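Visitor: I have a structure here, written as structure tokens, and I will follow up with some questions on it.
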Amino acid sequence: MTLTKTAIAGALSAFTALAAAGVALASPAHLTDGQYIEAERCQALMSSSTLGKVDATAIDKVVRAEGAGRIDEAYQMGQQAHRDAAREASTAGPYARSQLIAERDGVCRTLAGEQALASGSAAGGRGD
């Protein structure tokens, strides 16, 4: 199975659009190649000191577990997505930075399986 950059970009756009629309996405047992690439991007965003570093333990585990056994194209695209996101975060102006933070605190937390944490902190409650 060969993945094109266009196919991956489309998958990432659809995934991001669903998350932005407020659709609750549960972390699947195994990630698709597109989700794995997004997880790599999320790992870079969650580790960025420019965006305000957050605990990336959960996404680190996801990337580590899901990276093993990936086809070379998906693995390489994940590495590129990671580098691109790190560069975006380090050079982002105020508006772009706020968008990256929203992605990190929404899509990325969901992908990392942190739904309860994200919804509890967004509501200002205890998360219970």
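Visitor: Can you sort VAL54, VAL63, VAL107 so the residue with the fewest Cβ neighbours within 10 Å comes first?
Guide: If I rank by nearby Cβ atoms, fewest first, I get VAL54, VAL63, VAL107.
Visitor: Taking the number of other C-beta atoms within 10 Å as the exposure measure, put GLU40, GLU66 in order starting with the fewest.
Guide: GLU66, GLU40
Visitor: Tabulate in residue order the Karplus-calculated ³J(HN,Hα) for segment 64-81, using 6.51 cos²θ - 1.76 cosθ + 1.60 with θ = phi - 60°, rounded to whole Hz; enter x for Gly and Pro.
Guide: 4, 5, 7, x, 5, x, 5, 5, 4, 4, 5, 4, 5, 5, x, 4, 5, 4
Visitor: Tally Lys and Arg at +1 and Asp and Glu at -1 over the other residues with C-beta under 13 Å from the C-beta of THR91: what net charge comes out?
Guide: Net charge in that neighbourhood comes out at +1.
Values quoted throughout were computed directly from the atomic coordinates according to the rules given, and no laboratory measurement underlies them. From a predicted model like this one, the values you see are computed outputs, not experimental measurements. Please note: Cβ atoms are built from the backbone with ideal geometry, for glycine as well, and neighbour counts cover all protein chains shown.
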